[in-house]
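One structure is given below, encoded as structure tokens.
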Amino acid sequence: MQMKENKSYKAKILFLELTRNLFMLFLFFKVCLSQAQVSSSIDTTQIRIGEEIIYSIQVEVDSTALVLFPEGQSFNPLEVIDSYDIDTTRLQDKIRLIKKYGLTQFDSGSYTLPSQRVVINNKSFNTDSVNLEVFNVLVDTTKQKMFHIKPAFEVEEPGFDFEKLLYWIAPILLIIGIVAFLFFRRRKRKKTESAKQLPPYEEAIEALKVLDHSNFLENDNSKSYYSSLTEILKRYIGREVDDAALESTSNELIDRLILHKDAGSFDFDTETINKIDKILKRADLIKFAKMKELEGQAKTDRTVVEDIINETKEIIPEPTEEELLKNKLYLEELRKKQLKRKRIKIVLTAFASVIIAAVIFGSIKGFDELKDKILGNEMRNLSEGRWIKSEYGSPLIVVETPRVLIRTLDSLVPKSVLIKRKSLFTYGHINDLLYIRVSTIKFNQEQKLELESSLDMSLELLEKAGAKNLVVKREDFETENGIKGIKAYGDFHVQVSGNKLLKKKSSYELLLFAQENGLQEVLVVYEGDSRFSEAIKDRIINSIELEITQEKKKKNE
């Protein structure tokens, strides 16, 4: 009986263990089936220089999973031509994601496409690495026509862009055109009037005939009648005897006529002067004192004025040839003076138009904008021009700059057996408005690199390049890829020659990174218009991307 109970107990224990093992096996398969599947493929492993390779990464995950595909410099030594959009396919309760990359290489040789990391829900999955061959493009030089290398030639800088100024120069030209049109129109009208003007005697007689046909007397408007009558008399005397007749009062005109008579310039009869005096005084009383003239007095005075004009014409001598010549020279000199005055008026009008247009433009767009348009602004041209994003050195430094950096020899860094490779790329000079310096140094032997001491050495090299009175502020810096470095910034004076210093200070920002037994450095020195120089510096610094080295990848993993 006891043996049967033991066998029953052992059977129960065995059943429970079997059930537990089956349950664990079920959980294991469920976990395996629920895990993401990552695979990669490549369309070919042999290409010619510059041909495109299509590299695909396929991921099968739950529809709620978060997937991050590799980007940036992770495909080095291959270059990314294009990163295609993700192709998504639904598989019941899962989705299949296919990400394709267009890769190439411009140097022949054997290359290894490194393993790529795909992050799914904060968990990393690595693809297999791929070996591939890049071959040269064979050229049959016996059939291919060869040409000599063309000599280098200088390209002229583009001239001043007047099209940009057209939208505010147009109003100035319009104003100048209107002023010129009015001026020449007025000048032509004066010439026409001058050509139509009659001689003094004929003009006076013709004016009296016009006065006879007026209705001043019929309308009891003696004031207007005598105003016209005295004006005809004064205009005639002004053209023939005294230039200031029209501007003179009655008493002044009589006094001037007496002076002309006493000087013998004109043989005036005393009675004629008295007639003129009486008519002028009577006209003044009628015009200003509102005196009523006697009946028929106006027509009598009109007849007297005509007699005075006739008498005056007889006593005025004909001008001699010498007087005519002097008058001609005088008129020519007067014409030149008038022409000079007109030219000055045109210049002043044009200048005033330009000033007004400039003030209007400055009020609308801002006077800094006006100054940049007229005088130019190099920093603005750099800021608003086309920027170039390029790779420099090894390990790579990717940076966006307004101009391509040029490889130069670094004479400040001393040669050393410890240095395996050094690269320097620059734009401009340290005393220019903008100076950019990107350098990388690779050491032969593995050594511990302290960023603080390396930064001190970089600042010493900056002083050797001409930076004086260097102000240094330091702080830590980290790129978007998580690479940590150190930053120094501040300002200094640039030594030009001897002890001469620039009046304005130059500002700088220096970034230093240490990766895989090497140093990477980016320096930006700038001065000038702070509206654009600060923006240029920030854009350069914010665009920096560093190649993540194998050592860094291992640490991250």
Which ³J(HN,Hα) values, rounded to whole Hz and listed in residue order, are derived for region 283-289 from phi using the Karplus coefficients 6.51, -1.76 and 1.60 in 6.51 cos²θ - 1.76 cosθ + 1.60 with θ = phi - 60°, glycine and proline given as x?
5, 4, 5, 5, 6, 10, 9
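Calculated FRET efficiency, Leu174 and Leu198, Cβ-Cβ r, R0 45 Å, to nearest 0.05?
On the way: r = 40 Å, r/R0 = 0.89.
For Leu174 and Leu198, the calculated efficiency is 0.65.
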With label points set 7 Å from each Cα along the Cα-to-Cβ direction at Leu470 and Arg407, the distance between them in nm comes to 2.8 nm
Full extension between Ile346 and Glu17 adds, at 0.36 nm per residue less the Cα distance, a length in nm of 107.1 nm
Counting Lys and Arg as +1 and Asp and Glu as -1, each charge on the Cβ, what is the dipole of region 200-317 about the Cα centre in debye, to the nearest 20?
480 debye
Estimated vicinal HN-Hα couplings, Hz - region 234-251 in sequence order (Karplus 6.51, -1.76, 1.60; Gly, Pro = x)
5, 4, 5, 4, x, 7, 9, 10, 9, 5, 8, 5, 5, 8, 8, 6, 4, 5
Which residues among region 69-95 fall inside the zone where the amide N is under 19 Å from a point 7 Å beyond the Cα of Trp387, along Cα→Cβ?
72-73
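How large is the charge dipole for region 37-135, taken about the Cα centre, if only the Cβ atoms of Lys, Arg (+1) and Asp, Glu (-1) carry charge, to the nearest 20 debye? Don't skip to the answer; put the middle values down first.
Values: 8 positive and 14 negative charges, 72 e Å.
Here the size comes out at about 340 debye.
Of Lys420/Lys448; Lys234/Lys278; Lys94/Lys123; Lys389/Lys537; Lys389/Lys464, which ones are farther than 21 Å apart at the Cα? It would help to have the intermediate numbers written out before the result.
Values: Lys420/Lys448 16 Å; Lys234/Lys278 14 Å; Lys94/Lys123 18 Å; Lys389/Lys537 15 Å; Lys389/Lys464 29 Å.
Too far apart for the 21 Å limit: Lys389/Lys464.
At a Förster distance of 22 Å, what's the computed FRET efficiency of Ser108 paired with Ser394, Cβ-Cβ distance as r, to 0.05?
On the way: r = 19 Å, r/R0 = 0.85.
My answer for the efficiency is 0.75.
Asp255 to Lys313: FRET efficiency via 1/(1 + (r/R0)^6), r the Cβ-Cβ distance, R0 22 Å, to the nearest 0.05?
The computed FRET efficiency comes out at 0.50.
Under unit Cβ charges (Lys, Arg +1; Asp, Glu -1), what dipole magnitude, rounded to 20 debye, does region 418-464 have relative to its Cα centre? Walk me through the intermediate numbers first.
Values: 7 positive and 7 negative charges, 77 e Å.
Using only the charged Cβ atoms, the result is roughly 360 debye.
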What are the ³J(HN,Hα) values, in whole Hz, obtained from phi via the Karplus relation 6.51 cos²θ - 1.76 cosθ + 1.60 with θ = phi - 60°, for each residue of region 341-351 in sequence order, with x given for Gly and Pro?
4, 5, 5, 4, 4, 5, 4, 5, 5, 5, 4
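Multiplying the sequence separation of Asn431 and Ile86 by 0.36 nm and subtracting their Cα-Cα distance, what value in nm do you get? Let's see the in-between values first.
Working: separation 345, 0.36 × 345 = 124.20 nm, distance 4.84 nm.
Fully extending the segment from Asn431 to Ile86 adds 119.4 nm.
None of the figures in this text is laboratory data; all of them are computed from the coordinates on show. Keep in mind the model is a prediction, meaning the values are calculated, not measured. In this analysis, Cβ positions are derived from the backbone assuming ideal geometry, glycine residues included, and neighbour counts consider all displayed protein chains.
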